[in-house]
Amino acid sequence: MSRIFLSRINTQLVNAGLLTTWRGARGGVALTKPASEITVYDVLTAVDGPIQLMGCLDDQKFCSFSETCQLYKFWMRTKDVLAQQLKGTTLQDLVDERKEEGGDFLDSLRMISRQTELNE
């Protein structure tokens, strides 16, 4: 990932109230709340906007068959299940899950950072 791309994501997360940043020699980035209070849903919707699997789910005028279409009902249930999973998973859950697997979440982030630097 380029630094410009990461900077844009940081800006979106700051605007959503999930991150705070400060400049200077001792500048940095921090979560505005404990990781246990920020869900994956919060992060994804801050960066990508509302979850939209199919156009007809948010705008029934998108397709004239929406009200009677079995696929519409399937995609609506799928969207609901996905949203529940994302809302039910916090950043802390991801950290804890990584620890259970014998890894360190911060090590994973450092590895991503190194890969980013190599790609630039």
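The values are calculated or read from the model by the stated rules, or taken from the named source; none is laboratory data. Computed from a predicted model, the values in this text were never measured in an experiment. For neighbour counting, all protein chains shown are included, and Cβ atoms are generated from backbone atoms with ideal geometry for every residue, glycine included.
If only residues of the stretch 68-94 that are of a type in the set (A, V, I, L, M, F, W, C) and farther than 20 Å from Ala46 by Cα are counted, the one that is modelled with the lowest pLDDT is Cys69.
Considering the stretch 54-75, the residues that are surrounded by 13 or more Cβ atoms within 10 Å (Cβ to Cβ) and assigned to a loop (DSSP other than H, G, I, E, B) include one that is nearest to the chain's Cα centre (by Cα), namely Met54.
One line per residue, one yes/no per condition, for (1) outside the structural domain of Leu94 (by TED's automatic domain parsing); (2) in contact (Cβ under 8 Å) with a residue 12 or more places away in the chain:
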{"residue": "Thr20", "(1), (2)": "yes, yes"}
{"residue": "Val40", "(1), (2)": "no, yes"}
{"residue": "Asp48", "(1), (2)": "no, no"}
{"residue": "Cys56", "(1), (2)": "no, yes"}
{"residue": "Phe62", "(1), (2)": "no, no"}
{"residue": "Arg77", "(1), (2)": "no, no"}
